[in-house]
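Coordinate-derived values only; no laboratory data. What you see is a predicted model; the values in this text were computed from it and never measured. Positions of Cβ are backbone-derived with ideal geometry, glycine not excepted, and every protein chain shown enters the neighbour counts.
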Amino acid sequence: MAFVLPRAAVVPSLPLKARLTPLAFQLQARSRNVSARRTIISSAASPATEPEPERLHKPQPSRRKPLSAEQKKYLDKALRVNQAGELAATLIYTAQMPPINKAYPHLRPLMKHMYDQEAGHFKKFNELLAKHRIRPTAMYPLWQAAATFLGWSTAAMGREAAMACTEAVETEIGEHYNGQVRELLTWMTDMENRGEEVGEELRLLIEDIRRIRDEELEHLDHAVQNDAKEANPYELLTGVIRTGCRGAIWVSEKV
Amino acid sequence: MSLTPLALRNVLRTPASLRPLLLQSPRACYHSYEHTQPPPYRDADAAILSSALTYVPAQGFTQEALTLGAKDAGYLDISTNLFPKGAFELVKYHLVTQRLGLKDRIQFPDEKMGVGRKVRSLVLERLRANADTGVVNRWQEALALMSLAENIPTSLRELSALSDEIWFLAGDVSVDTSWYTKRASLSGIYAATEIYQTTDQSTDFKDTEQFLDRRLEELRVMGGAVGNTLEWVGFQGGALVNLMRSKGVRI
């Protein structure tokens, strides 16, 4: 056992008598270890002695990265095209309704229902464009004129042609929205895999586009039920309209 | 982007890791409220340029102001090589920071104010910012720099971005053709008023305010006339179609 003689005047680097015999040193070390080990909890200890950090129960704050330039450009183009599409849809129905409703009054509720849904979509995309400061397509007046002409001419050709026009437009629009939903869902899974927060904005956007796509496909079904396929120059009419839609989508993305 | 010799030189001067930054189009895109963008200037650039702006009233928009600013911010004189366009970068920094700071300078608690009045207040506030930062006496130099051929695209982009910002802050939610006409007309009015302000010696820029009011009044009258004419044409066309339908023509 070592003891220290107090030496106030001189400050030695090591206390006097601190030099222990090897055996004494080992015994001292062993006793020190035992007292330290008394605070270590072995795995067989009871759960009551488990440490309970707060971090375990609170969800970790997730990171939120800014959107990349490509993502912003994609959203910009997608929403611009969507707004242009809904503008065209509302104008097609507005132009089709007077002649069709006059000749086939039983179609009035259906046409009104489809028009109301399209007007709701148009309003939604207008709000999104204003909120996210996206510019609308510069071809707006041209699409207004083209959509009105398309609606009026197919209605003049008859009920079946009007329904075929609806079928063609809704097929193209449905595919277009499908692609967008798939792309945005890919982003969402990528973000979640990287541990980044997706955010309400993106989530709500995906839900909105999904809902709108479902309603457009419902219009497609209505159109087919109402003898869209009976239209006389069916292949030609739907071919022309679908090609026109694809061209309009391509132009609205750029301009 | 087409590679002129000057652009190629700038690309090769940029460190390889930063070259992707040059490709970013500064044109405004989808604006996210949750995934916010990083600030437009890096810390070092912002420090040098902001301290250089304090020297502009004395030195003007010149390379000397940049050098003094760099020294003031604690960087070497050679740091001004970060700015290949020299004094124009100082002008651009002022334009960008004032545009982004506009929403902090002015808020509209009173919801009854119309969009037109809000636009007027925002334009005046932005012009006041020119005066507050002490830049208005040297702004003619800045306009000269902005009108150089190599700087015109950037200047026009900044002007249209400012116009978009003002309409957005004023609460404009139209997204049809008027989106373009409103921004184009406001860009013209703002540019004219800013030039007028550089020659304005009245107290508190009262003459500039009246100039702006006259331009906005002209815009209102012109826009109203064009809109009413188009509406009339639309009504005539619709009336003609309905008349023919009532006579039994199948259209």
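Here are some notes:
- Computed from the C-beta positions of A:Asn101 and B:Tyr33, the FRET efficiency with R₀ = 41 Å rounds to 0.45.
- Computed FRET value (nearest 0.05) for A:Asp227 with B:Asp213, which takes r as the C-beta separation and R₀ as 60 Å: 0.45
- For segment B:60-146, the set of GluC sites (Glu not before Pro) satisfying both a DSSP loop assignment and a count of at most 16 other C-beta atoms within 10 Å is given as B:Glu111.
- GNM remark for chain B: springs join alpha carbons under 10 Å apart, and the peak mean-square fluctuation among B:Val241, B:Val226, B:Val56 falls on B:Val241.
- Crossing angle, helix A:108-131 versus chain A [Cα axis fit, 0-90 degrees, rounded to tens]: 40 degrees
- Averaged over peptide B:32-39, the number of partner chain Cβ atoms lying within 10 Å of each residue's Cβ comes to 6.
- Helical contribution to [θ] at 222 nm, DSSP H n ≥ 4, -39,500 (n - 2.57), averaged over chain B, rounded to 500: -21500 deg cm²/dmol
- Label-to-label distance for B:Thr199 and A:Arg135 is 3.1 nm, based on points extended 7 Å past Cα in the beta-carbon direction.
- Mean partner shielding of peptide A:69-82, defined as the number of other chain Cβ atoms within 10 Å of each residue Cβ, is 3.
- Size of electric dipole in chain B: Cβ of Lys, Arg +1 and of Asp, Glu -1, about Cα centre, debye, nearest 20: 960 debye
- Residue order, fewest to most beta carbons within 10 Å, for B:Thr54, B:Thr229: B:Thr229, B:Thr54
- Remark: mean inter-chain Cβ contacts per residue of A:125-138 equal 5, using a 10 Å Cβ-Cβ cutoff to other protein chain atoms.
- With an a/c value of 1.5 or above and a/b not larger than b/c for the gyration tensor axes a ≥ b ≥ c computed over the alpha-carbon atoms, the protein assembly as shown is described as oblate.
- Label-zone membership for segment A:113-149, site A:Asp214, 7 angstrom Cα→C-beta point, backbone N under 20 Å: A:113-125
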